[in-house]
Amino acid sequence: MPPPQKGFKIINHRDVQYRWILRNATGVNQLLVTAAETVDGQQLLVDLPRIVSYQRVTEAIDHANSHGWTPMVKAPPLHFRYAKGSYQAGE
């Protein structure tokens, strides 16, 4: 099931359009990124300690793409945690 549309921002990065939103459902800032063209593609979840900038969103997308993220294919979410200047596998 695709995530809701309300509140998502659009970002174009490396000729691909993504939708992203920052949410805080569990007491942790979590960035959710999906490909804008796909309905049930793999989601990217990144736990962040602070406010998100466009640069952090594009860094997360680049990191995920280099670590096997397939936003156009249906798969379980890919989860990372950003801490101390680097991305680590999430839980």
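A compact table of results
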quantity	calculated
Efficiency of FRET between residue 65 and residue 22 - r from beta-carbon atoms, R0 22 angstrom, step 0.05	0.65
Percent of beta bridges antiparallel (DSSP, the chain, rounded to nearest 5)	85
Listed values (i) 1.01; (ii) 0.92; (iii) 0.98, entry calculated as Rg/Rh (Cα atoms, Kirkwood Rh)	(ii)
FRET efficiency, residue 86 to residue 38 (Cβ-Cβ, R0 22 Å, nearest 0.05)	0.20
Anchor residue 84: lysines whose Cα lies under 27 Å away (excluding residues fewer than 8 positions away in-chain)	9
Accessible surface of residue 86 - all protein chains present, 1.4 Å probe, nearest 10 Å²	50
Relative contact order, percent, the chain [alpha-carbon distance under 8 Å, six or more residues apart]	23
Calculated FRET efficiency for the pair residue 13/residue 73, C-beta based, R₀ 25 Å, to 0.05	0.85
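The values are calculated or read from the model by the stated rules, or taken from the named source; none is laboratory data. Small disclaimer: the values here were computed from a predicted structure and weren't measured. Cβ: placed from backbone, ideal geometry, glycine included. Neighbour counts: every protein chain shown. Surface areas here come from the heavy atoms of the whole protein model, side chains and all, with no ligands, DNA or RNA. Shrake-Rupley method; radii C 1.70, N 1.55, O 1.52, S 1.80 Å.
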